[in-house]
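K.L.:
Shown below is the structure under consideration.
The values are calculated or read from the model by the stated rules, or taken from the named source; none is laboratory data. Note that the coordinates shown come from a computational prediction; the quantities given were computed from them, not determined experimentally. In this analysis, Cβ positions are derived from the backbone assuming ideal geometry, glycine residues included, and neighbour counts consider all displayed protein chains. Ligands, DNA and RNA are excluded from the accessible area calculation, which covers all protein heavy atoms including side chains. Shrake-Rupley method; radii C 1.70, N 1.55, O 1.52, S 1.80 Å.
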Amino acid sequence: VADLWWIYSKPVPADGREVWALFLQCSCITAVIGGLFYNWMFASLEYSWHLSTAMAISFSLLLLLALFLVHPARCVFSMIMPTLGTKQGRKLLFSTCIMIAVVNITPNIISNIKTILQVIQCICKNSSDSLLNSTALLEKVSWEFGDAVQEATHSIYKPMNGHFRFSLFQNSSLIYQKMHLAGEKISREFLSVEVLVKDSVRAANRLAAGFFMLYLCFESTWYLKNYLTDLRFDNFYITKQLERLAVDRRAAHLLVGSSKKLIRPTGLKLSREEVVLCLVQAMLVTVALLLMLVVVAMDHFAFSVADTAVRKAAQFSAVPVTLSIKYKVEIGIMPFLFKLFWRPSEALLLRDFNRTYHHQLIFSSAHCRISPPTPPNPSVLLVVGLLFCILYGTVFLETFARRLCRGIAASFFQSWEEKRVLHLFRKLSRRHRKE
């Protein structure tokens, strides 16, 4: 492995064997990266497989040429891998989480809301049917009561036909049509909102992912540029070269006295600035996690409400309605004379009308088209949870990723690393003399 890395990091291969070894290494790297690039475009960014394949092949060929022919390009590409453990890699993971939420969680919430609206529509339709059917019962009652009134009175005092007519029952088809149109309108609006949200977030996520990838390459290039132009940039590590130089110059005490300001690149010690940066980044990840938990909670809440609405609607019992009519017809015998003598008048009962009518108001029916509520997908929650675990891991690994970037740059440009070590040693010597 050390020999392969030495061939990979050398500016120019020494012989034909090293050329073939470098070409095979670059070919393996580009094959793996091309496959990951295709999966990222097709599965995460949701491009078509034709475009994803074409882009992956083109990207792999360009990457192969760049790695094989350009020495600084190999250094930048090698630093991109640990840079994924920094804030730029977290941005890519954030965009992936957002895409997962939009593609899987948001449609589930909208589907459950549709189920709730279907339940409401079913209840409204069946209750209106029952109310309209009750008008037919009232019409029947009015006709029977009117016939009884006409039969009970004398032909001289017989009233005209006083039957009631309910025109509302004749307009039931218009009510059904309006309710159907309202339901279709709501469904179309929800479908258009769902499509708009998906398309907007998909486009925004593609732009953000492309920007983050370009910025990831830019950050690695910027780090290499600062490393090659500024001797003080990221130069506060006790490396093996610095230790050998101090021993050769008989100044090992410089490293012991400066142990509080210098750290070892392979150690676990963090400086105060690195600890503060980790805490700030952890707070930002926590805020993003809370927002994602709100979306997940909305998904569970929508499913719970939809499931409860469907179950309760199926358990709705019919409400009985009873209409009782009591009617008496009697003739008073000389009521005026009885009033003069302060005696109660006597009456002759001609007819007694006492009937009871029953009706049921139905709020739910098995004929309603209600889609079953969609439960939250546990695999989506598992993937999101794993991504956030990786995000928290990158917060604390960011410092070590930057140290690894410095080690990669030092292995690619060893002569320049010697100058940086000499500069740091002289700086420590001057500070020791001043003290």
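K.L.:
Using a basic spin-label model with each label point 7 Å from the Cα along Cα→Cβ, how many nm lie between E184 and V275?
P.N.:
The answer from the label model is 6.9 nm.
K.L.:
When the accessible area of the stretch 1-69 is computed with all protein chains present and a 1.4 Å probe, what percentage of it is carbon and sulfur? Write down the numbers at each step before the final one.
P.N.:
Numbers: 3380 of 4320 Å².
Ligands and nucleic acids excluded, carbon and sulfur reach 78 percent.
K.L.:
All other residues with a Cβ under 12 Å from the Cβ of K87 taken together, and with Lys, Arg as +1 and Asp, Glu as -1, what is their net charge?
P.N.:
+1
K.L.:
Once label points are set 7 Å from the Cα along Cα→Cβ at both S304 and K87, what is their separation, rounded to one decimal in nm?
P.N.:
Taking the simple label geometry, S304 and K87 are separated by 3.7 nm.
K.L.:
Please calculate how many Å² of accessible area the stretch 1-69 carries per residue, with a 1.4 Å probe and no DNA, RNA or ligand atoms counted.
P.N.:
Numbers: 4320 Å² over 69 residues.
Result: 63 Å² of accessible area for each residue.
K.L.:
Label-point separation (nm) for R244 and I390, each offset 7 Å from Cα along Cα-to-Cβ?
P.N.:
Roughly 3.8 nm, to one decimal.
K.L.:
Here's a follow-up. Please report the net charge: other residues with Cβ closer than 14 Å to the Cβ of P376, K and R +1, D and E -1.
P.N.:
-2
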